[in-house]
1. What spacing in nm lies between the two simple spin-label points modelled at L239 and A214, each 7 Å away from Cα in the Cβ direction?
2. Please rank M105, M207, fewest neighbouring Cβ atoms within 10 Å first, as an exposure proxy.
3. Roughly how many nanometres apart are two label points built 7 Å out from the Cα toward the Cβ at S145 and N29?
4. Taking 0.36 nm per residue of separation and subtracting the Cα-Cα distance, what length does fully extending S120 through K185 add?
5. Find, among the GluC sites (Glu not before Pro) in the stretch 149-257, those assigned to loop by DSSP (not H, G, I, E, B) with at most 10 other beta-carbon atoms within 10 angstrom.
6. Multiplying the sequence separation of R102 and E227 by 0.36 nm and subtracting their Cα-Cα distance, what value in nm do you get?
7. Which whole-percent values make up P(r) of the stretch 3-252 when all C-alpha to C-alpha distances are grouped in 5 Å steps starting at zero?
8. FRET efficiency for S72 and A246, Cβ-Cβ distance as r, R0 = 35 Å, nearest 0.05?
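Quick note: the coordinates plus some simple rules give every number you see, no bench work behind them. This structure is a prediction, so every number in the text was calculated from the model and none was measured. Every residue, glycine among them, receives a Cβ derived from its backbone with ideal geometry; neighbour counts consider all protein chains shown.
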Amino acid sequence: MKLVDAHCHFDFPQFDGHRFSALDAALSNGIVGLVIPGVRRPDWGRVQETALAHSGLYYCLGIHPWFVDEHSIADLESLEQILGSRPERCVGIGECGLDRLRGDMSAQYPWFESQIELASKLGFPLIIHSVKAHDEVHATLKRGSWGGRALLHGFSGSYQQATKLVGQGCFIGVGGVITHPRARKTRDTVARLPLESLVLETDAPDMAPEGVEAGANSPVYLRRIFECLSEIRSEKPDLLASVLFANTQLLYGQSLW
Ligand SMILES: [Zn+2]
């Protein structure tokens, strides 16, 4: 069984001092790779270095909605320049998106729109952060004539919202949320969606699964998320794992792992 953590902040300082052991633990638990998203320009170098230091690791660069105020148009230009040079192991743009619960959504829009445009232009997949903004994310992708692949990461929401996003080219990122029994709506959603629309992720060190302390999430827990998904879906575990793996390859590019 090969599992890939499609979204993990493995560059974050929370992993300093135990990054190798965390990766080892993940590898011995069936996880063959992970993708590290970028959230703000000052971190891009660290994201890239972390990915290049270990085999099986890939990365994305982008500007997260929480940090748009720290950036200027020059940073978008740099993003275009860096991505245009097709750096080794760089497989996407993000994370970018909209967050109703933090900051001002009207200020987040232009950054999201520009990154959609850039991803279309350069042919990269998009990694999208969406909190209480699924309808707006869908409308923005549609308005931007988005025709590529995207990951709606850390999904939490209804079946109707997920279906609309899948129709707009999104894979639905299944994370630690589903391990919490109270997340009934999201569990029901991921149980019903077509298997071809799902990918696994931890969003570590955030989005801790049930029983893990907040901020202590790690890629090793991807296995637990997989087991939980296996309990709430009808497919046999081997089939489930192989389709999830194929979906992640389809999202980020064939034969990465
Ligand atoms: Zn994230």
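1. A separation of 4.0 nm, rounded to one decimal place.
2. So the ranking, lowest neighbour count to highest, is M105, M207.
3. 4.4
4. On the way: separation 65, 0.36 × 65 = 23.40 nm, distance 3.20 nm.
Length gained between S120 and K185: 20.2 nm.
5. Hits after loop and neighbour filter: E213.
6. Details: separation 125, 0.36 × 125 = 45.00 nm, distance 3.16 nm.
Difference between extended and current length: 41.8 nm.
7. So the P(r) values, bin by bin, are 1, 7, 15, 19, 21, 18, 12, 6, 1, 0.
8. According to the calculation, E is roughly 0.35.
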